[in-house]
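Inspection log for the structure reproduced underneath, given as structure tokens.
No value in this document is a laboratory result; all are computed from the given coordinates. Only a predicted model underlies this, so the values are computations on that prediction, with no experimental measurement involved. For neighbour counting, all protein chains shown are included, and Cβ atoms are generated from backbone atoms with ideal geometry for every residue, glycine included.
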Amino acid sequence: MRFLTLIFGTVGSGKTAELLRLVSKLEEHNSRCRLIEKRKFTVFKPVIETRSDQITIISRSGQAFDKVVAVSDINDLVRELDRHNPDIIVIEECQFFEIGAGNEPQAFILLIRKLLESKKQVILCGLIQNCYGGQFEISSSLCPEADEIINPHTTCHCGQVASRSQRLQIGYSTPITDPVFIVDDDSSHNLGYSYEPRCNNCW
Ligand SMILES: [Zn+2]
């Protein structure tokens with residue numbers, strides 16, 4: 001059945017925990033129902049996401065799922081979709097399909113629309129806006145087409161609700177001349193970069 005779920009929020013908002021909650025419900029469904037009612041699902045993530053190894057997704061609270069298919073770009077995602085042919089497609093950190101060789105937001109959006117037209121269920125998880133407050137094209141284009149939007153929030157260091165992502169370098173906000181994408185991984189941590197959730201006042 002065509003059904004698009006978007007899980008969008010700031011850094012540290014619990015997006016991945018929400019994704020893992022839905023994955024765990026799918027596993028529970030498949031473990032309880034008759035063979036004919038089982039729903040084949042595949043979880044994909046971009047290779048660029050390096051918070052965990054290439055077959056695992058881990059939430060900040062420590063929940064994990066370790067049957068993930070890591071893909072290098074949109075063409076690789078299409079190949080793996082053909083190979084696995086899932087009824088339900090789950091994609092983590094979808095904003096990364098907007099950057100790098102082989103990626104382009106409109107190509108990703110068209111692929112998602114094609115999957116939905118062929119009666120697939122799609123669950124996308126990602127950032128709703130970049131650290132400078134700009135929209136990601138994937139989230140802004142697909143929001144009006146979603147059947148369900150999950151928008152978890154966390155708390156800013158001041159105690160207010162955080163609705164924005166702040167990039168810091170050695171504790172200070174980074175200049176707008178820095179690239180929009182600096183991946184949150186060991187190499188960026190070595191350069192002093194970190195990301196934190198912020199309310200509108202502190203951002
Ligand atoms: Zn604040």
Problem set entry | Sorted by Cβ density within 10 Å, fewest first, the residues C131, C202 | C202, C131
Seminar exercise, completed: Charge tally for neighbours of C158 with beta carbon under 15 Å away, counting Lys, Arg as +1 and Asp, Glu as -1, is +1
Exercise. If the viscosity is 1.002 mPa s and the temperature 20 °C, what translational diffusion coefficient in µm²/s does Stokes-Einstein give for the chain when Rh comes from Kirkwood over Cα pairs?
Worked result: 122 µm²/s
Exercise. Summing +1 for each Lys or Arg and -1 for each Asp or Glu, what net charge is found among the other residues whose Cβ lies under 10 Å from the Cβ of Q106?
Worked result: -3
Problem set entry | Label-zone membership for region 111-145, site L168, 7 angstrom Cα→C-beta point, backbone N under 17 Å | 131-132
Seminar exercise, completed: Cβ-Cβ cut-off under 12 Å around K25, Lys and Arg +1, Asp and Glu -1: the net charge is 0
Problem set entry | Share antiparallel - DSSP beta bridges, the chain, percent rounded to 5 | 35 percent
For this session: Just rank E28, E137, fewest to most, by other beta-carbon atoms within 10 angstrom.
Result: E28, E137
Problem set entry | Alpha-carbon centroids, region 174-202 and region 9-68: separation in whole Å | 25 Å
Seminar exercise, completed: Per the 1/(1 + (r/R0)^6) rule, R0 = 22 Å and r from the Cβ atoms of N201 and V47, FRET efficiency to 0.05 is 0.05
Seminar exercise, completed: For region 1-39, listing trypsin sites (Lys or Arg not before Pro) in a DSSP loop whose Cβ sees at most 10 other Cβ atoms within 10 Å gives R34
For this session: Tell me the label-point distance for the pair I176, D82, using the 7 Å Cα-to-Cβ offset, in nm and rounded to one decimal.
Result: 4.4 nm
Problem set entry | Gain upon complete extension [D66, R113; 0.36 nm per residue less C-alpha separation] | 14.2 nm
Seminar exercise, completed: Relative contact order in percent for region 3-152 (Cα pairs under 8 Å, 6+ apart) equals 37 percent
Exercise. So for F41, F8, F3, fewest C-beta neighbours within 10 Å to most, what's the order?
Worked result: F3, F41, F8
